[in-house]
Amino acid sequence: MGTVAIYDSTYESAAEVVETAFNDFGVNLENKTVVVKPNILGPFEARRAVTTHPSVVSAVAKAVQARGAAKLVVGDNPGFRSYGFNKLSTQKSGIYDACAEHYVNLSEEGTSIRGNSRFTERLTISRSFLEFDYYISVPKFKTHMLTVLTGAIKNSFGMLVGGQKAAIHRMAATCESFSEALVDIYEIRKPDLVVMDAIVGMEGKGPSSKELRDVGKIMVSDNGLELDVVMAVMMGAAPSHVPMLRIAHERGFGELSPKDFETVGPLTRIEDFKLPTKVMRGPVGHFATRLLTHLLVSRPVPNENECTKCGVCQEHCPVGALSLNPYPQIDPDKCISCFCCMELCPQNALDVSKKVKRSRKRIRY
């Protein structure tokens, strides 16, 4: 059982709040090597709230330094396959300027390990996550079209280097299987501490939605699953209905109800928070889930008024289902509805079809 602390915060007060949290959790980093992993999805400016805000990452870095760490590394493996996008994404998000002296291109230090997963025999992981003494995850308070939410567990997906993410999406194409794969990766190295940027959150069709909410919190925990459970409750999602959280609970990584672990600070549901439209899972049963998923399969469609024909969606589709002619066109026989194209589109110019939205109007978490 862990502890989840919820602090009121603004970006201006983030350094003070994070320092308080480190003291509350008794963080001792004397002579330890520390890796800090924010959520850097891609080359998005901080104002978009797609990435962890640089002020929160900087606050964590300063708190680590103040505790006598022997070495500090800040980095991520963004969703883009191309290694060159790593530094570009970090620069555009503002995180590079906030932590330049500690930034490391983690995509350049990959090492192959045997994976404890039914989806793949080997995984390429950035060495820092395997070799450093202390791992701090700094995720963003966001929704996700495929996994319902993005938090501590999903943030660990960024331990994978390069095209590994696309390969996992290809092998684990459904919400259930992809959630299982995420928990497999999270298990490789669970974070010692999670500091979540929930100052400005994201609702709707995350993780790169334009629909933002002022949440005004920084959330800290020594248990990633239980922090994600608190986030789910705040969003209005039943944790047991989120496959990623349920699977992690079944593996003994934490509890699924805030009643079963310690929370510090007010835990309140955000009024009228928009969850991604997803087929109901959990109580509906495995068979019904597969049937509904088949009947209500959703594929992204381009918004030609927003699309700049940059080709990012085509380049990063894990199954090669996208072509430009001149706007994105999707081959329905190849598409696995992983939403990677939506996730990585710099213009947020892809959406699920209106037909699917109408069909799913009453089928929500």
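The values are calculated or read from the model by the stated rules, or taken from the named source; none is laboratory data. No experiment lies behind these values; they were computed from the predicted model shown. Here the Cβ is made from the backbone with ideal geometry for all residues, glycine too, and neighbour counts use every protein chain on show.
A few comments on the model shown:
- Scanning the stretch 221-263 for residues that are of a type in the set (Gly, Ala, Ser), under 14 Å from Ala152 (Cα atoms) and either part of a loop (DSSP other than H, G, I, E, B) or not assigned by TED's automatic domain parsing to the domain that holds Ala181 (or both) gives a single hit, Gly254.
- Some residue of the stretch 37-57 being touching a Leu at 6+ places or on another chain (Cβ under 7 Å), hydrophobic (A, V, I, L, M, F, W, C) and over 30 Å from Cys317 (Cα atoms): no
- Search result, residues across the stretch 32-75 that are outside any loop (DSSP other than H, G, I, E, B), of a type in the set (D, E, K, R) and touching a helix residue (DSSP H, G or I) at 6+ places or on another chain (Cβ under 7 Å): Lys37, Lys62
- Failed condition for Ala100, given (1) aliphatic (A, V, I, L, M); (2) surrounded by fewer than 17 Cβ atoms within 10 Å (Cβ to Cβ); (3) in contact with a strand residue (DSSP E or B) (Cβ under 7 Å, 6 or more places away or on another chain): (3)
- Of the residues making up the stretch 22-31, those that are surrounded by fewer than 16 Cβ atoms within 10 Å (Cβ to Cβ) and either among the aromatic types (Phe, Trp, Tyr) or not in a helix (DSSP H, G or I) (or both) are Gly26, Asn28, Glu30, Asn31.
- Among residues of the stretch 29-44, those that are farther than 15 Å from Val195 by Cα and at pLDDT below 95, counted: 4
- Subset of the stretch 51-71 (residues that are among the basic types (Lys, Arg) and farther than 30 Å from Pro207 by Cα): Arg67, Lys71
- Total residues in the stretch 16-28, condition hydrophobic (A, V, I, L, M, F, W, C) and more than 12 Å from Val195 (Cα to Cα): 1
- Residue within the stretch 264-274 that is crowded, with 22+ Cβ neighbours inside 10 Å and either hydrophobic (A, V, I, L, M, F, W, C) or assigned to a strand (DSSP E or B) (or both) present: no
- Checking Ile125, Ile136, Ile113, Ile95 one by one, the residue that is under 17 Å from the mean Cα position of the chain (by Cα), assigned by TED's automatic domain parsing to the domain that holds Ala181, of a type in the set (Val, Ile, Thr) and more than 19 Å from Ala61 (Cβ to Cβ) is Ile125 and no other.
- Qualifying residue in the stretch 80-91 (condition: closer than 22 Å to His53 by Cα, at pLDDT 90 or above and more than 16 Å from the chain's Cα centre (by Cα)): yes
- Considering the stretch 1-15, and only residues there that are surrounded by fewer than 16 Cβ atoms within 10 Å (Cβ to Cβ) and not polar (S, T, N, Q), the residue that is modelled with the lowest pLDDT turns out to be Met1.
- All positions within the stretch 249-270 that are small (Gly, Ala, Ser) and under 10 Å from Glu226 (Cα atoms): Gly254, Ser257
- Asp214 meets each of the listed conditions (1) touching a residue at least 40 places away in the same chain (Cβ under 8 Å); (2) assigned to a strand (DSSP E or B); (3) surrounded by fewer than 24 Cβ atoms within 10 Å (Cβ to Cβ) apart from (1).
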